[in-house]
Every structure is written in structure tokens, then in C-alpha cells.
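A short write-up of the structure that comes next.
Read-outs throughout are calculated quantities, based only on the coordinates presented, and are distinct from any laboratory measurement. Predicted model, so just to flag it, every value in this text is computed and none were measured. Every residue, glycine among them, receives a Cβ derived from its backbone with ideal geometry; neighbour counts consider all protein chains shown.
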Amino acid sequence: MKLAKYVFAFVIMLNLTAFAGVLVNAEDGVIAIEEIKREDKVDFEKEILPIFRQNCLACHNSTDAESDLIMETPAALIAGGFEGPAVVAGNGKESLLIQLASRARESFMPPDDNDVGAKQLTPQQLGLIKLWIDQGAEGSVSGLGGPVAWQPLPAGVNPVYAVDIAQSGFFAAAGRANQVFLYHVPSRTEIGRLSDPSILESGIYKNPGVAFLDIVQSVAFSPDGNRVAAGGYRTVKIWQRNANHKVGDLPSTADVPISAAASADGKYVAIGLNNGSAQIIEVAMQKIVSTVGGHGGPVNGVAFSPDGTQIATGSTDATAKVFNIADGSEVRVITTPAPVNDVAFAVESTLIVTANEDNKMRTWPLVAPEVPEGETEKPVKELAGHGGPVTSVESYGARHELLVSGSKDNSARLFNAESGASVRTMSHGAAVTGVAINADGTKVVSVSDNKTGKLWNAADGKLIAEFKGDYQALENVANLQRASALANRVRDNAKKDLDDANARKKSEDDNLTKVKDALTKADEDLKAKTEAAVKPTADLKAADEALVAAKATQEKSVVDQTAAQKGVDDSAAALKAAQENLKAAQAELAAAGDDQAKKDAAQVKIDAAQKAVTDATTAQKTAADGKKAADTAVNTANAEHKKAEDAQKAAATAAQKASDEKTASERAQAAAKRSVERAETSVQKAADSIVGFEATHKAEEATAVSKKEIADKAAAEVATTEQPYTSVAFTADGNIAVGSVDQRIWLFSGENGAAIDGFVATGAPIKAIAVAGSQIVSVSENKAVSLWNTTSNWDLIQTIGNSDSSEVFIDRVTALDFSADGQLLAAAGGEPSRSGEIKIFNVEDGTLAMELDEPHSDTVFAVDFSRDGQYIASCGSDRFIKVFQVNDGSFVRSFEGHTHHVLGVAWSADGRELASSGADMVVKIWDFRTGDQKRTISGFSKEVTSISYVGDSTNVVSSCGDKNVHIKRADNGGNVRALSGSTDFVYSVAASADGKIVIAGGQDSTVRFWQTDNGQSLATFEAPQPENAVAEGEGE
């Protein structure tokens, strides 16, 4: 609600240069470039950049760089875009910028059909730019270029970038150009434009009605509708409605007043009193100038002649009198057949009309006729038709030849005073206590002591509208009932949360039971697996021991085998040696010949050797047997070892399997224990959450009950606000003023009967009212006479920031929103492509309450407080939606999903959802509590520039560049309807709190109202014509 435009975020800078006539070569359309001679350097920031801001930066800025060309700095211009450098330093003639802007080369800049209101550059502007380029195209942009040289906005620059509607639906505001237009929504009328007196004092504009020197970027109403804030360049301004209509008091009456009337010029007011007199008060001087009358009963009716020179009075004493105002002299006494309830001048003041108690009206000549002695003056005409006492009468028409009357016969009637003919009857349905007709005679209003008023079409007598009661009380009841309904919704949400929490608790309990069962099974399985692992483990131990023993036996047998082999080898060697000795002895014997001694010696040797051979042979056999036995032992040991190995392997496999199964079981048991621990924690958390949800539900239940009781009580009491209406009159601006027994004056629209305002209580029932010029005079039963203005003033009460300083705001304030209690105002904006800023101010004194720390990295386009005042949501060019705590500014959550600038954000009434709209041509719905994106709503062909929930419903309304306002269902993304009629890009939309009215505005400068339920157009307000536009410097 409150969103500034998107496409035009950088369109028109505030220091607009006045447009001069453009000199164009008649033959080829080239704009002549004025030769500017000066020796000092042209300042880019102060002299060139303002020209670009006026006509170029809308399309060639760091955010929207068409053709990749940025014109914000000299460096960017030299770098150029798709077509190369825009400027050639030192050579203005050959610079592309000069060629295109002077129309010496296509494509022309700015284009003729541009959508941003950019105009052709003047010869002077072209000459200045060329000189700057010729001087070297130097300079920088510091943002400290000094005070802005403000000039009036050019005629016809009237985009509507921001709209808002008060929660009551009574007032709407639209920022059009540098003005803020106010509308009274029920009566479909423009009621004024906000003014900043300092702008008038500056001399830039002559007349009031100008709010800013630059384009209005954002507007927002306070919750009570009595304040409206608007944002512009580095500035926020707040206006307050001054609803104190009372101007002052006029002299009290000498007795209880009965009737009242004012002269046509508003100079005098006459008051008929209960004591038979009438007092004439000069309004401006606030003094009683004369007292006339002399009636023998209360003066029920008074009337001034159209020229204001005479006054007529009518009384219950059955007489009517005419007095000169100048000296109070009595000029005519008319005796009628019945008490007079009202009087009027008619037919160019030649006739006096009396409304009589006997159901008739009568016309009498102003100049008393000659009446024969003993006879009674007869009326010129008796106007019959009423079936009851005629309570009121008023003349109208070019010659005041027509009459409107009211009667206790429950009707209002139109008569021709000259012919006496009844023209038309309008059935009110109850005794009529007062009638009035508007200035052009097209509408009649009647009021009754049955607490109703009715507006009629005088031409055909058809009812236009009925009004009754205290609209403020009715509005209050409607607000309370909506609050009650929302409280029920919040309570139901809380109940669902509680139910969900209980369901989660049950689910967690069930899960705990399940995992505990799993743990029991895991324990049992581990026990079984542990027991099962005992025998395999013992078997493995025995097998290991057997294998060790077999190994030892195997190793011993190998040792024995080695020893046996050595015995074999040794015995073989001994046998060989013995055999060689034997051979040698035998040889010695043979050699001994016959030498017996030698033979004997040799024989001894032979015998010894033979014995050694025999012994060696025996030893060899013994060794061979031992070796064979050793070999057999080795083979046996090897076999036993192999057997022991196989047994050990089998035992190890079985033991490993048992161990693995036990380990798996241990792990399963550990996992089951962890599951139980987690489940127990989850159960505890679920149980703890139930406590919170129960408390919340209990509180919301109490709130819902309380709000319902308050709403029901207010609804029951609203009937007591409906009090009889005693008098009625049309105001100078065509509205209806009604005096009531409830001690108040009520204003209703003279077009459709819609309630406009209610003046504060006067302290006693109002007996009569009269319209004196632009003011209303009321006379009360307590003899008080009060003077009232019919319009409210909207006074500027705060100006935050300064257009000549970036101390408070760095750039345009593109978004505004009041907190739900109206005490805080959030203002947002930022420097394009550089930073985003959000500041929160105290509304009462304009002081800074809080500044959010780097909320966005680029311009912020929208902010919205949650209904409960706890959070503020924002969105911006950085494609993020973010939420912050209001109490301390702490960051809560960001929402990411848009692929282009996020242009609008809004809270749902219950604070559970956020809706966002973007330049990516979609709307997204987010779950605030989880940060999840619930859905994306597409179907838009252009940027979706702003968004709002429709009242407390789940529908959202968004403005779009496709010339439409769209209503969509947030719950399923479905289309509700498109509100058509706009002829160009729509920048901003807002909906009333009851969701019945939608207001939007855009590039076509037109503000439109629609009825939400059927899409019917209710009102269209076009921009002022240029010759009357304040933007031309003339004011309102």
C-alpha cells in the first residue's frame, strides 16, 4: 500500500530545468546547437547531470541500463554502451551523445514515443553538453553538489506513483506529480490537495496545493485516517486532519430557539424563539442587530427574502410577519387559519408562503391588500395535497416560483407557488421534520423524527439514498466486528497449532513406544548373540591351543628327522671309511707277500677293518631305520598340524561370525538407545511446545471472546445513536447538513447521501440549523448558537529530512507505512545500486526511533508493518524480502526467490503469510514462520508493481504494468478478477480495511476506485488540465 513506482524510480530528478523552446531545422529536423562561450569549466554534477536526470536517466541508469549505456558519470559516458563511447573527450561534435540528442543521427534520444515524459533537449542544453565534452568531459559525482536549484515541474508531468486508502475507507490519497490529492471515498469526491506553506514562501509556486518540489514517491495513512504521510526526495512530510469544525459561538438566544434561517449572502442569521420573537445576528460581527416578532406563540419558522432585506416569521399563533432587517420595522402581518410551522418568500419575493398545521400551505401577497372591514384576508392560493400538518417549506427556482414542503403525512412534496399545483410527491415513510433543496434544484432532501434522512431526485421523485444514525458509530461497529472475526481466525489458527502440537506429541509418543520396543528387541538380540558367541569362542581357544601343540610336535619331528638324517649321513661316512680301511688292509696283505709278519699285521688290520665295516653297516642300518621313523613322525606331525589348522580356521570362522553378529547387535542396541534418547527429547519438546500453544490458544480464545463481547455491545448500542433529525439544509458546496437530537451536526454527500463528517456534540439537542455562506449555524435547546466550518483542514505537522541534505535520507523516500498503533512511521528508500535504507520515526515529534542496519543492498521499494506491530517486512531491488523485529531492529528472516526487483510486499491479516510482487512478473506467497515459498502466482504480462491483501481476506490485489489491477487468491493462486480501465502502466494499489474498495493509480495520471466484489468502477479522477495544473506553478 504505500509503494512508490518502480519503472520511474529514477525518472525525474528534483531540480528540473525549465523547458525552453526547441529550435529545429525545418528541413531535416536537426536541433540547432547553441554556441556557448565561457572560460570557466562546466561542472558536470551541477550543470550536466541535472539535464540527464530530467530526460535520460530513466532509461540509462546503473539499474536499467538500456543498450548497456549508463549516463550517471563521465567515466560511464566515455565507456559507452552497445554502440560504443557516448562521448569523445575533447570532441563534442563527433560524440554520439550530441549526434543522437541533436537528431543529427538516428536513433534519436530521447525517443519521441518514450513513456517517461522525457523531452527533446533545447539548443542551450545541447550547447552546454557539447562545451563540457569539448573541455575534456571531466568531472565527478559526489552527491554534495550543493543546494538543489528548484524550478516548477513542467506542465503535464502528472504520474501517480503512490496511492493509499484509510482503513476506514473514508479517505484516499494519491501522489500525483508533486501534489498529494485527497478524496472522500464514499461520496466519490476530491476534497483537496495537501500544501506545504514553505513552498509558497519560496516563490516557486504561487498557489497552495503543492506538497513537494519533486515527484511524490510514496503516501500512507495512519490507522485512524487522521494523518497522511508522503515521501519525496530526501523528505517525508506528515499532515494531520483538523476535525474541529467549530469556528466559535454567536450570542446565545434569549429563549429556547425553535427555528433558524440565514440570508443568501450569509451575512445574517435569524433565529425564531419560543417566546414569540426572532433575533437577527450579524454573523461576522457576532452580535445581535435586532429582535423582531411580537408573536403570541413560538416562532416555528423564519425566512429571509432572496435579496436579504427582509425577514418573515411564522408562529403557532397562526400569524406570519414580515420585517425590514435594516431597522427591524414590521411591514406585514398575515393572519392564517391555522398555526404556522414555517414560512418562505416566493415568486421574486412577491409572495409569502405559510406552512400550516391544518395540512395546507398558503401563499400571501407581500404587500397587504385592501380588505373590507369585517372580512378576513384570503390567501392568494391554498396548496392542498398534504394529509397532515405541513412542517417545513422552502422556495426554489429561477424566480423562487417552486416549493418543496414536508409534512407529518410522511411525505415531501413539490408545488408550483404560482398555480398552486402539486408537482410531485416523495414518500419518506415517516413524519417529515425538515426539507431542503440544492442550489440547482435537482435534489431534495427530507429528514424525519424516525431517525432517517432521504435524498431524492427532484426531476422524477426517485429515491437516491437514505442515511441515518451515527456513521462513526457504525464504522466503529464494523471495525470491531472485523476485529472480532480476525480474532476468531487467529484463535482458530492457534487452536490448529495446538491440535497440531498435540498430534505431534502423540506421534512422538507413538514413536517413543516404537523405538523403546525396538530397544527391547535389540537388548534381547544382543543377549542371544552374546550367549551364542560363548561356544565358538571356547572352541576357537581350544583349536588355537591344539594348533600350538601340533605346531610344537611338527617342529620337534622336523628336528628329530634332521638328527636322523645326520645319523644316516654319519653312518654312511663311517662305513665308507671302514670300507676304505679294509681295502687298504687287504692291499697291505697282498703286498706283504710271504712276509708273515707283514701278513699278520695286515691281517690284524683286515680283521679290524672288517669289524669296522660290519659295525658301520649295522650303524648305517640303524640310522636308516631311525631316519625312516623320523620321516614317518614328520609326516604324522604335518598331518596333525594340517588338521589342527583346519580345525582352528573353522573355529575362527565360527567365532568371527558370532563376534560379528554380536557387534552388529551391539551397534543396533546403541542405535536403538540413541533413537530412544532422541525420541524422549522430541517428546519433551513436543510436550513443552504444547504448553506454549495452550497458553497462546487460551489467550487468543480470551481475546476472541473479549472482542466479540465488545463488538456485540457496540452493535447493540449503535441503535441508540440513531436519534431524530430536527432540521436539514444544503451547504454551499452542495452537501447535506443535518441537525439532530443527538446534539450533533452531520454532513452527508449531496450526490449520493454518503456520510462525510460529524461535528462534535453541542451540549444539547439541536433545534435548527442554517447555512450562512460557507458556514453552518446551529441553534440548540440550551440556547447556544454555534458557527461551524463545513470542511476539515489538513495541516502540515512534521517535515522529516531536507532535500538539500543527505543526512536523514540519502535519496528518494520510495516507501512509507504507519505501525498499527499509529505511533511509528517507517520510511524507506536508498541510493540506487548502492544501498537501501529503512528508518523508523516517532510520529508525534518526528524523531528517529530506529535505523535498520544495512537492511538491503539496493533501493527499498516497499515496507509493511505486521498487524500485531512486532515485525516490519521490506523488499527491494536486491531481489530479497526481509523481515525485522520492530522492537530492536534485529533481522528475523529473508525470503529469496524473485529473479528481479521485488516491488511490493504485504502481510496477511493474521501475520502468517507474506505476499510479494516483482519485476519478474509474478506474485509469490510465503510462509512467514518457516520462510518457505508456498506458491508462485503467474499470469502477468508486465511488472507487478505493488501488492496488498484485500482486507482480512486471503485475496491479494496487485497493480501491474499491463494496465490492470489484478485480484488473485493467495490460497491457491486462482484469478478472482481484473479491474480494468487504466490506459497505461499502473504503479500503486491499495485496499480498504473492509476489503470493499480498491484504489489505484499510474502513468495515465488517473486515480480510479473500484468495488471489489464485482469489479465495478466507482469513480475516476483524472489529472488537472495543464492550464490549471499546480505543476505549472499556478497552484490550486
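Summary of values
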item: Derived scalar couplings ³J(HN,Hα) [segment 997-1008; Karplus, 6.51 cos²θ - 1.76 cosθ + 1.60; whole Hz; x for Gly, Pro]; result: 10, 10, 10, 8, x, x, 5, 7, 6, 10, 9, 10
item: Theoretical FRET efficiency, 1/(1+(r/R0)^6), r = Cβ-Cβ of VAL604 and LYS642, R0 60 Å, to 0.05; result: 0.60
item: Shape category assigned to segment 698-801 from the gyration tensor of Cα positions, a/c cut at 1.5; result: oblate
item: Helix axis angle, 471-532 relative to the chain longest principal axis, alpha carbon, degrees; result: 10 degrees
item: Those aspartates and glutamates that a straight Cα-Cα span of less than 18 Å connects to LYS267, excepting residues fewer than 8 apart in one chain; result: ASP249, GLU282, ASP307, ASP327, ASP733
item: Listed residue pairs exceeding 29 Å between alpha carbons, taken from LYS839/LYS996; LYS882/LYS942; LYS496/LYS708; result: LYS839/LYS996
item: Structure-based [θ]222 nm, the chain - -39500 (n - 2.57) summed over DSSP H runs of at least 4, per residue, nearest 500; result: -10000 deg cm²/dmol
item: Relative packing of peptides 123-134, 782-793 - highest average C-beta neighbours within 10 Å first; result: 123-134, 782-793
item: For the chain, the fraction of alpha-carbon pairs in successive 20 Å shells from zero, as %; result: 11, 26, 22, 16, 8, 5, 5, 4, 2, 1, 0, 0
item: Net charge dipole size for segment 143-302 [Lys, Arg +1 and Asp, Glu -1 on Cβ; Debye, nearest 20]; result: 280 debye
item: Distance (nanometres) between label positions extended 7 Å along Cα→Cβ at SER894 and ASN207; result: 5.0 nm
item: Stretch gain in nm, segment THR653-GLU34, where the contour uses 0.36 nm per residue and the Cα spacing is subtracted; result: 212.4 nm
item: Under 5 Å, built H, 5+ apart or other chain: amide partners of ALA417; result: LEU402, LEU403
item: 21 Å Cα-Cα reach of LYS541 towards lysines, excluding residues that sit fewer than 8 places from it in its own chain; result: LYS529, LYS551, LYS642, LYS643, LYS649, LYS657, LYS662
item: Modelled FRET efficiency - R0 41 Å, ARG929 with GLU709, Cβ distances, 0.05 increments; result: 0.90
item: P(r) histogram, all alpha-carbon pairs of segment 417-565 included - 10 Å bins from 0, percent; result: 8, 13, 10, 8, 8, 7, 7, 6, 6, 5, 5, 5, 4, 4, 3, 1, 0
item: Relative pair counts by distance (%), Cα atoms of segment 531-717, 5 Å bins; result: 2, 7, 7, 6, 5, 6, 5, 5, 5, 5, 4, 4, 4, 4, 3, 3, 3, 3, 3, 2, 2, 2, 2, 2, 2, 1, 1, 1, 1, 1, 1, 0, 0, 0, 0
item: Proximal aspartates and glutamates relative to LYS605, as straight alpha-carbon distance under 20 Å, when same-chain residues fewer than 8 apart are discounted; result: GLU580, GLU588, ASP594, ASP595, ASP615
item: Dipole magnitude of the chain about its Cα centre (Cβ charges: Lys, Arg +1; Asp, Glu -1), debye to nearest 20; result: 2860 debye
item: Two-site label geometry, ALA485 and ARG674: point separation in nm, points 7 Å out along Cα→Cβ; result: 5.3 nm
item: Scattering profile of segment 487-635 at q = 0.11, 0.12 Å⁻¹ [log10 I(q)/I(0), Debye over alpha-carbon scatterers]; result: -0.76, -0.81
item: 32 Å Cα-Cα threshold exceeded, pairs from LYS287/LYS454; LYS924/LYS963; LYS556/LYS583; result: LYS287/LYS454; LYS556/LYS583
item: Rounded tilt (10° steps) of 534-591 against the dominant C-alpha axis of the chain; result: 30 degrees
item: Degrees between helix 596-718 axis and first principal axis of the chain (Cα, 0 to 90, nearest 10); result: 10 degrees
item: ASN91-GLN151 FRET efficiency (beta carbon distance; Förster radius 35 Å; 0.05 resolution); result: 0.65
item: Rounded if a/c under 1.5, otherwise prolate or oblate - segment 249-322, Cα gyration tensor axes; result: oblate
item: Percent RCO, i.e. relative contact order, over the chain, from Cα pairs under 8 Å lying at least 6 residues apart; result: 12 percent
item: Packing-based ranking, highest mean first, of 986-993, 689-696 given that Cβ atoms within 10 Å are counted; result: 986-993, 689-696
item: Whole-Hz couplings from phi, Karplus 6.51/-1.76/1.60, listed for segment 264-277; x for Gly and Pro; result: 4, 8, x, 6, 10, 10, 10, 10, x, 10, 5, 7, x, 10
